[in-house]
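Below is one structure, written out as structure tokens; comments come after it.
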Amino acid sequence: MGTANYDLVVVGGGAAGLNAAFSCRERFPEKRVLLVDRESEIGYYRTLLPMFMAGNLTEDKLFFWKPGDDENLDTRLGVQVRTLDRTAKSLTLDSGETIGYARLILACGGHPVVPPVFERAVTPEGVFPVRGLSVAREIKDWLPDHRDIVVLGGGLVGSKTSVFLRLAGFGVTLVEKESHILPTVLSADTARPLQRHLENMGVQVKTSTTIDQFKADGNGAVTSVRLATGEWLPCGTFLVGIGSAPDLGFLQGAGLVEDGELIVSPTLQTVDPEIFGVGDAIYIRVAGGDKHNPWTWPQAVNQGKLAGANAFVTSPVPLKRTTRVNAQNIAGVPIMILGGPGVGSSVEARPGPGDGVWREFFMHDGRIVGGALVGDIAGAGPLHFTMAGGEDVSEVADDLLVPRTRAFGASAWSSLGQARRATIIPAKGNDGC
Amino acid sequence: MDVIAVHVDRCVGCKTCELACAVERGSEGKTLLSAVREAPQPQTRVRVEGAGGVSFAIQCRHCADAPCLDACLTGALARDAATGLVRVNDDRCIGCWTCVMFCPYGVIFPWPERKLALKCDRCMHMESSACVDSCPTSALEIVNVDKLADAMAEKRRSAAMAASGIAADGAVLLDLAK
């Protein structure tokens, strides 16, 4: 098949890739951009898929963009990139087409890790990864006849999916291999009341275990799975919400991948300054050698926008914030995640008034490096930026841990402390009665 | 872009703006008497805060590089093309509060009863803003941010005049083609 040349090629049409394309088009209107994605549909909110699967959301609410709106933004959908040739500055697609680029942005995302138990056998029907829209549609159609669901992975995706499916009336069991749910972002103490909340909703939570065997019926559909503890869980649907291993196979031999990881600088450039990396597929290496990536939606959008704007400038701008901040509303209990516990950080926690209200910080050298607010999230935004600014809060950390209900943090005067007095003025004509 | 500015020296912390906002923008009845009886209780989009004897009203700043826009998971938050203001599309908001977490000023408020993120839209579809109109000390004012550059230029001019001892219009701003 033929060849085509573009100023910028973006591989991956998720949050990071699309925003990279949009921001490049906005910043450099004369540049022609091509988006390549393995899915046949892009431009939807992946974060809404659990609601969509549960039938709480119509499909039109999922989409924010359709291809064809911009004549200088082309798409190749439903195709995968085969190889990258850095010397020729070109990509070959599995459709046979060769695409030349001046700049390349890799936003190829991550994919759920398949549990080893299914790697050894033919995957039965009713087993789905929680990731793309096409699979979400399949799940949505599958669910009504298979109402017992096992969700593997108690991270953000797994717990959110469990909650929405439970609220829609399905029977849900959540399986997490660590000792508590949301293990990468919460301490055990904070996760416990949340876990209780999930259990009160009717979600069965199984921790410190995983799935090691499954049974399928004559039609090849999953009927039950076995926990490592030996307990069999009957299930007609098995959803995988763990891990996100980026698919970097096409980069083989291109010299961009280091120990299986795609590493970029704070300006989101790979070792080749004309190739950028964003979103779930990458690690950012900061000064000092630390590698990290928050892997959140807001980060993906932010990184995408920056890479698009950096694509054709002489002095690329570094990423401002890399906080692992995320939020979730688990059936009425709001959770704000400031970040996971880093190495060597101490935990400062304080339960709030009433069950289910909790604040914890992970502290390092007097600075907040992570933590979570559960139940009461007031002042969360300023707190996020206090953390991002790296301020020493050792003096005021105790105050910040007190749940608030006002807009500002502890340093500000709050109207709740004010004494309020009202003078009742009698109605006219009632004097002296 | 027109935004609401606060004269900190004029704000007395009376919270009239909070009431006016909640009544005008949050209530069904549009009067204080009916608003206080409504359930769920009407909420305000402007808050008066302060410390050390100084108070001021604060609402959405409509940041140029707004972190909330990146954070929104559903496309509910978007910048209005005509006015440049950041607003919430209630239909799309699912109440995940991610934007609340990303607002550096703490001026996006969760409203759990309605599962909505509440923020100031400068009453963009009204003739003027409820808080500005109601402020008894005129501490709130709508200003055009593009004109702030002119105000800054004026400040530089007067500073230059003061420094050089030139009276009246003798000073010329070299960085402005005026």
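When DSSP beta bridges are limited to those with both residues in chain A, what percentage is antiparallel, rounded to the nearest 5?
Details: 46 of 85 bridges.
Here the share of antiparallel DSSP bridges comes out near 55 percent.
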For A:GLN252 and B:MET1, extending 7 Å from Cα along the Cα-Cβ vector and measuring point to point gives, in nm, a value of 4.8 nm
With r defined as the distance between the Cβ atoms of A:SER346 and A:ASN200 and R0 fixed at 22 Å, what FRET efficiency is calculated, to the nearest 0.05? 0.10
Which of the listed residues, A:GLY132, A:LEU186, A:PHE170, is farthest toward the dipole's positive end in region A:116-240, when Lys, Arg count +1 and Asp, Glu count -1 at the beta-carbon? A:LEU186
Hydrophobic long helices for chain A, i.e. whole DSSP H runs reaching 15 angstrom or more by Cα along the axis with Kyte-Doolittle mean at least -0.5, come out as A:15-27, A:156-167
Explain nothing, just the number: dipole magnitude of region B:63-110 about its Cα centre with +1 on each Lys and Arg Cβ and -1 on each Asp and Glu Cβ, in debye rounded to the nearest 20. 20 debye
Share antiparallel - DSSP beta bridges, region A:85-222, percent rounded to 5: 35 percent
Mind listing the phi-derived Karplus ³J(HN,Hα) values for region B:118-123, rounded to whole Hz, using 6.51, -1.76 and 1.60 with θ = phi - 60°, and x for any glycine or proline? 10, 8, 6, 10, 6, 6
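Taking the Cα centre of the protein assembly as shown as origin and charging only Cβ (+1 Lys, Arg; -1 Asp, Glu), how large is the dipole, in debye to the nearest 20?
Taking the Cα centre of the protein assembly as shown as origin, the dipole is about 880 debye.
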Taking 0.36 nm per intervening residue step and subtracting the Cα-Cα distance, what contour gain separates B:GLN41 from B:ASN144 on full extension? 33.8 nm
log₁₀ of I(q)/I(0) at q = 0.23, 0.25, 0.27, 0.28 Å⁻¹ - region B:63-110, Debye sum with one point per alpha carbon: -0.80, -0.94, -1.09, -1.16
Max mean-square fluctuation residue, GNM over chain A, Cα-Cα springs under 10 Å, options A:ARG76, A:ARG324, A:ARG120: A:ARG120
Over chain B, relative contact order from alpha-carbon pairs under 8 Å, at least 6 apart, %: 25 percent
At a Förster radius of 56 Å, what calculated FRET efficiency corresponds to the Cβ-Cβ distance of B:ALA163 and A:ASP365, to the nearest 0.05? 0.80
Scoring chain A by relative contact order with C-alpha pairs under 8 Å, at least six apart, yields a percentage of 15 percent
Please list 3J(HN,Hα) in residue order for region B:39-48, calculated via the Karplus relation 6.51 cos²θ - 1.76 cosθ + 1.60 where θ = phi - 60°; whole Hz, with x for glycine and proline. 9, x, 4, x, 10, 9, 10, 10, 10, 9
Taking Cα atoms only, helix B:145-164 is inclined relative to the longest principal axis of chain B by an angle, in degrees rounded to 10, of 30 degrees
Kirkwood hydrodynamic radius, computed over distinct alpha-carbon pairs, for region A:116-240: how many Å, to one decimal? 14.6 Å
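What range in chain B is the longest one free of GluC sites (Glu not before Pro) that are in a loop by DSSP and have at most 11 other Cβ atoms within 10 angstrom?
My reading of the result: B:29-112 is the longest stretch.
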Which cross-chain or sequence-distant (5 or more) residues have an amide H under 5 Å from the amide H of A:GLY370, H modelled 1.01 Å from N in plane? A:PHE362
The farthest towards the positive end of the charge dipole of chain A, of the residues A:LEU8, A:ALA372, A:TRP297, given +1 on Cβ of Lys and Arg and -1 on Cβ of Asp and Glu, is A:ALA372
Based on the Cβ-Cβ distance of A:ASP69 and A:ASN219, what FRET efficiency does E = 1/(1 + (r/R0)^6) give at R0 = 45 Å, to the nearest 0.05? 0.55
In terms of the charge dipole of the protein assembly as shown, which places +1 on Lys and Arg and -1 on Asp and Glu at the beta carbon, the residue among A:GLY255, B:ALA149, B:ALA66 farthest towards the positive end is B:ALA149
Sorted by chain and number, the residues with a modelled amide H under 5 Å from that of A:GLY379, at a separation of 5 or more or across chains, are none
Taking amide H positions as placed in the peptide plane 1.01 Å from N, state which residues far from B:ASP80 in sequence (5 or more) or on other chains have amide H under 5 Å from it. B:LEU85, B:VAL86, B:ARG87
Whole-angstrom gap from region A:295-364 to region A:150-212, using each part's C-alpha centre: 21 Å
Choice from B:SER129, B:SER138, B:SER34 with maximal GNM fluctuation in chain B (Cα, 10 Å cutoff): B:SER34
For A:LYS31, counting only lysines whose alpha-carbon sits under 21 Å away and dropping same-chain residues fewer than eight positions off, the answer is A:LYS66, A:LYS89, A:LYS305
Per-residue HN-Hα couplings for region B:23-32, Karplus 6.51 cos²θ - 1.76 cosθ + 1.60 at θ = phi - 60°, whole Hz, x for Gly and Pro? 6, 6, 9, x, 9, 7, x, 6, 10, 4
Highest-MSF residue in chain A out of A:PRO298, A:PRO144, A:PRO351 [GNM, Cα springs under 10 Å]: A:PRO144
To the nearest whole percent, what portion of all C-alpha pairs in the protein assembly as shown is separated by more than 42 angstrom? 31 percent
Take the alpha-carbon centre of region A:25-96, take the same for region B:38-89, and report the distance between them in whole Å. 31 Å
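Rounded, prolate or oblate, given the Cα gyration tensor of chain B, with a/c below 1.5 counting as rounded?
Taking the square roots of the gyration eigenvalues as a ≥ b ≥ c, chain B is prolate.
Values in this text are rule-based calculations from the coordinates and carry no lab data. Computed from a predicted model, the values in this text were never measured in an experiment. Don't worry about glycine lacking a Cβ; one is built from the backbone with ideal geometry, like all the others, and counts go over all protein chains shown.
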